[in-house]
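Laboratory data are not the source of any read-out in this text; all were calculated from the coordinates shown. Because the structure is predicted, anything quoted here is derived from the model rather than measured. Positions of Cβ are backbone-derived with ideal geometry, glycine not excepted, and every protein chain shown enters the neighbour counts.
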Amino acid sequence: MSVQDKLNRYQLASYGAPALPLSMVGLPLAVYLTPVYADADGFGLSLAFVGLMLALSRVFDGVTDPVIGFLSDRMKTRWGRRKPFVLIGLPIFILGVWLLWIPPFEFYDVSLFGFTFNIGYPYLLGVLMLMYVGATIKDVPYSAWGAELAQDYNERTLVMSWKEAFTVAGSLIGALTPALLVFWGYTKPTDNVYFLTIAIAIVMPLLVFNMLFAVPEYPIKEKGDKPLPIREIFKFVWANIPYRNLVIIFLFSTIGAAMTNSLSFFFVKHVLLAGDLYGFYLAPYFLSQIAAIPLWFKLSRRVGKHRATMVAIFWYSIWSCFIPLITIAPQAWFNGLELSNLLSFLPSDWMAGLNSRFEGIPTGKFAFFIVIMCLKGSAIGALSALPYAMAADVIDLDSAQTGKKQGGAYFSIWTMTRKLAYALGLVVGTTAATIVGFNSLADPINAPNTTESLLWLACLYSIVPAVFKFVAVPMLWNYPLTEQRLAEIQSEIAAQNAQPA
């Protein structure tokens, strides 16, 4: 294996920076899309059918991933294999994001072949497919490029940690935006995504162009010039046991994440009665992720990425168990956390203004919820960055067997399975919430959902996703690709490359 220069901090930051606007898209896509399209203050469509449109678009998105991955592995240009795809996918993605959040017309009912339906459903499916095509074209090569930037076991974690830090920072901006807009009277999800869309359209091109100029794409040395047939690639991928374990592990984890994301706004609005304050919960939640990333990085250096991921799963699951308590516990349990008690030291006129602003909202429950979510959220950075670093490691195992650098194929299959799992999680979450009697269009104050349906909503939002993540624990415990084993594999690759072609 050829020796590559280590990236300096500016290059690390330049590679990770495009993840910032990408996560600014990802946050509203994950937590605001169902409220925007299926809430009474949004477009007022059916939650179950919106979930179905999201799932169908994700299935389409997943199918396109291997195509782009295989193409980028075979691409040979003077600018590299990955950079041209990132550049081509950028404008398609931004156009899709704009049309998703800022439709050019109002939705209305139409009749076709004897059926009456709202035009919002096919519109949502169409713009999601457009956006996902652009995302796939740029994101699969972007991830494969990141895996090829470093060879060292821990340096790969560093690359992905920089990317994850920008990801969380973008999510934090996406969370703070609605929190700040509240003070200007913008409280609806449609208001929040409007301003975020404008910001994304400006910021994303700047950061992507900087990355294309500042970050190197190292020449890839492979054994033989002829690419492997796709059938042969799939054969090697399936035989790669650590990779296969990773895919299975995070397939289940992604199902749980999709359930949490699709239901979080409705939990805050209908259980905490604080839909207008949703941004105030998201901001500290993502701050806790940023603060915890260096700690997880240190732990992974000490015990290995797989063991650190196990610890993160346990930490996440422990705090998830407290969420249903908020639904069933009496209000008296949370009186000590009411704003009037926590901020009693403020001047009386300030307190009067705060009490007026939060009138009707059980601020004690909301404060308890924020504390629990910060503790729970501190694990999310590990559950995002470490798996990507582990995925980069398994590509070396493939290179030792095939003599090829097939990061595009590996990351495309990785993202395909995660997207299909996310689609399944969306359907499970939104459909299950509907089955247990939850009505997303109900007035949480004047015509609330039943206590039973809200308790089920809390469990679908927290307990069930934690159970899905626990599938990973036994597979991670015996995960074979340790730092020592990776060093041995890279020595084999170096010996192969040293041999004459």
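A few comments on the model shown:
- When the listed pairs LYS235/LYS298; LYS163/LYS376; LYS76/LYS419; LYS365/LYS469 are checked against a 32 Å cut-off, the alpha-carbon distance exceeds it for LYS235/LYS298.
- Here the gap between ILE248 and ILE361, fully extended at 0.36 nm per residue and compared with their Cα-Cα distance, gives a gain of 36.5 nm.
- The ranking of CYS321, CYS374 from fewest to most other beta carbons within 10 Å of each one's beta carbon is CYS321, CYS374.
- Residue order, fewest to most surrounding Cβ atoms within 10 angstrom, among SER253, SER111, SER262: SER111, SER253, SER262
- Inter-label distance for ASN154 and ALA291, nm, one decimal - labels placed 7 Å from Cα along Cα-to-Cβ: 2.6
- Calculated FRET value between ASN439 and PHE470, using beta carbons and R₀ = 35 Å, to 0.05: 0.70
- Gain on full stretching of the segment that runs from ASN446 to ILE463 - 0.36 nm per residue minus C-alpha separation: 3.3 nm
- Cleavage-rule hits (trypsin sites (Lys or Arg not before Pro)) in the range 64-106: DSSP loop, at most 16 neighbouring Cβ within 10 angstrom: LYS76, ARG78
- Helical mean residue ellipticity (222 nm; -39500 (n - 2.57) per DSSP H run of 4+; nearest 500) of the chain: -24000 deg cm²/dmol
- Along the range 324-341 the Karplus relation, 6.51 cos²θ - 1.76 cosθ + 1.60 evaluated at θ = phi - 60°, assigns HN-Hα couplings of x, 4, 4, 6, 9, 6, x, 4, 4, 4, 10, 4, x, 9, 4, 4, 4, 8 Hz to successive residues, with x for each Gly and Pro.
- A DSSP coil position with no more than 13 other Cβ atoms inside 10 Å describes the following chymotrypsin sites (Phe, Trp or Tyr not before Pro) in the range 42-114: TRP79, PHE105, TYR108, PHE113.
- Folded to 0 to 90 degrees: helix 348-357 orientation relative to the chain principal axis, Cα: 80
- Simple Cβ-charge dipole of the range 413-501, Lys/Arg +1 and Asp/Glu -1, about Cα centre, in debye nearest 20: 120
- One chain, two ends: PHE345 and ARG78. Fully extended at 0.36 nm per residue, the span grows by 89.7 nm beyond their Cα-Cα distance.
- R0 of 51 Å, Cβ-Cβ distance LYS235-ALA214: FRET efficiency to nearest 0.05: 0.85
- Using the Cβ-Cβ distance between ASN8 and PHE107 with R0 = 60 Å, the FRET efficiency computed as 1/(1 + (r/R0)^6) comes to roughly 0.75.
- Here the 3J(HN,Hα) profile of the range 107-113, calculated from phi with Karplus coefficients 6.51, -1.76 and 1.60 at θ = phi - 60°, is 7, 8, 7, 10, 10, 8, 6 Hz, Gly and Pro shown as x.
- HN-Hα J in Hz across the range 157-170 - Karplus 6.51, -1.76, 1.60, θ = phi - 60°, x for Gly and Pro: 4, 5, 4, 5, 5, 4, 4, 5, 4, 5, 4, 5, 4, x
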